[in-house]
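Please treat every number below as a calculation from the coordinates, not as lab data. All values reported here derive from a predicted model rather than from experimental measurement. Backbone-built Cβ (ideal geometry, glycine too); neighbour counts: all protein chains shown.
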Amino acid sequence: MKWTLFTVLFLFAPALLFMVMAVMFMPAIFFAAGIFAMIPKVAVPAHTSETLVFIGFFGVHLLVYVGLYWLISMVLAKILSLIRNPVARNVAFAAVCLGVASVGLFPVYGSGGHGPMTWETLLGVFKGVNDDYGPFSVATVYGAYFLGLAAVLIHRKRRRREKTGL
């Protein structure tokens, strides 16, 4: 339950990115994508220091939200585990996940800086990202996250099997 709750928060919950004059509300996964997108620019001497500053901004925000979302997912999983009836627990779990994911249907994501904030739904953000960075940008970011998560979960399951001898 913890990993699923964390994933839903990481992929859908609007997270604040504050960079002095620029403010963004995006899912935290975009902070990780921003870091990976900027790594190649570190090698360009004219852009190295500026790129490192942006990587630092994204990195600090990413660490804060990963910790916050992990804490929230642990608390929610603990609360949901108190429900004894497995059907009721699964219904409550699904309701929480769908509730967080449904945030993407509302215009709560956006950015602004020197001008006014613009607000969009998550699909509007996806369209803007794909228009700016290529047609498969969002699919690549979300797909890479799911592949990484699958690798972590498979590794955990193997380690658990090795410990128990099954």
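Data for the structure
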{"item": "Length-normalised contact order for segment 2-164 - Cα pairs under 8 Å, 6+ apart - percent", "result": "25 percent"}
{"item": "Cα-centred dipole magnitude for the chain, charges only on beta-carbon of K, R (+1) and D, E (-1), debye, nearest 20", "result": "1200 debye"}
{"item": "Qualifying lysines (Cα of each under 28 Å from Cα of K41; at least 8 residues distant if same chain)", "result": "K127"}
{"item": "Nitroxide proxy distance, nm - points 7 Å out along Cα→Cβ at R159 and S102", "result": "3.6 nm"}
{"item": "Once the Cα gyration tensor of segment 21-93 is diagonalised, semi-axes √(5λ) in Å", "result": "39, 10, 10"}
{"item": "For q = 0.10 Å⁻¹, Debye-computed log10 I/I(0) when each Cα of segment 2-164 counts as one equal scatterer", "result": "-0.46"}
{"item": "Using alpha-carbon coordinates, inclination of helix 29-38 to the longest axis of the chain, degrees", "result": "40 degrees"}
{"item": "Largest-first ellipsoid semi-axes for segment 107-147, taking √(5λ) over the Cα gyration tensor eigenvalues, angstrom", "result": "22, 11, 9"}
{"item": "Distance from segment 122-161 to segment 12-49 (C-alpha centre basis), Å", "result": "16 Å"}
{"item": "Set of segment 20-43 residues, backbone N closer than 17 Å to the point 7 Å along the Cα-Cβ line of M117", "result": "20-28"}
{"item": "DSSP-assigned coil residues among chymotrypsin sites (Phe, Trp or Tyr not before Pro) in segment 85-166, each with at most 10 further Cβ atoms within 10 Å", "result": "F136"}
{"item": "Tilt relative to the chain, helix 48-81 - C-alpha long axis, 0 to 90 degrees, to 10", "result": "20 degrees"}
{"item": "Listed residues L5, Y142, S81: farthest to the positive end of the dipole of the chain (Cβ charges)", "result": "S81"}
